[in-house]
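Have a look at the structure below before the remarks.
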Amino acid sequence: MPEKICVARIGAAHGVRGAVKLWTFTEDPFAVEDYGRLETKDGTRNFEVASAREAKDHMVVTFKGVTTRDEAERLNGVELYVPRERLPATEDDEYYHADLIGLDAVTSADEPLGRVIAIHNFGAGDIIEIAPETGTTILLPFSNAVVPTVDIAGGRVVIELPEEIDGDDPNAA
């Protein structure tokens, strides 16, 4: 299990007083205020939310100590993490996306596809990225239809391949 979980990514500056756009990866976008100090993955920088409000598809946040647009612009793209122990415990059938990284990916016929290396969201829904032993990575929509089974304890996810992909060659499209 990862020690830190990425809960948000800072976007562009918003206005002239140090506010930034913030994309949260939490069920409740305002939860980032409840986790205390947010930090970079390497732990070298910490941020504390001073104010937050919801915008169209993101949050607008100010951090304590960030008071100018120039300071805010330098934060664009920074990912924010919290120690796992600060997050709510998951139920038996729940997991954090970070828990999937490194799991084996297999087909419904139990044929190996590779390892899960990332879960992405570019705005249209979650995407699971799988790296086979050879060849290019596979990007698939992360939905119950494509990923019907997540077995954290067993160390694997089951992938139901779309019909366009030949089960013998997961890289063929």
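Assorted remarks:
- The stretch 11-38 residues that are over 20 Å from residue 73 (Cα atoms), paired with ones that are of a type in the set (Lys, Arg) and not in a strand (DSSP E or B) (beta carbon under 9 Å, 6 or more apart): 34/86; 35/86; 36/86
- Taken as a whole, the stretch 43-51 holds no residue that is under 20 Å from residue 125 (Cα atoms) and crowded, with 16+ Cβ neighbours inside 10 Å.
- If you check 74, 69, 115 for being touching a Gly at 6+ places or on another chain (Cβ under 9 Å) and assigned by TED's automatic domain parsing to the domain that holds residue 15, only one passes: 69.
- Taking the stretch 110-143 as the range and being in contact with an Asp or Glu (Cβ under 9 Å, 6 or more places away or on another chain) and not in a strand (DSSP E or B) as the test, the residues that pass are 111, 123, 135, 137, 142, 143.
- Residue among 12, 55, 31 that alone is in contact with a strand residue (DSSP E or B) (Cβ under 8 Å, 6 or more places away or on another chain) and modelled with pLDDT of 95 or more: 12
- Any hit, the stretch 24-33, residues being part of a strand (DSSP E or B) and closer than 20 Å to residue 151 by Cα: no
The values are calculated or read from the model by the stated rules, or taken from the named source; none is laboratory data. The model shown is predicted, which means the values in this text are computed figures rather than measured ones. All Cβ positions, glycine included, derive from the backbone under ideal geometry; neighbour counts span all protein chains shown.
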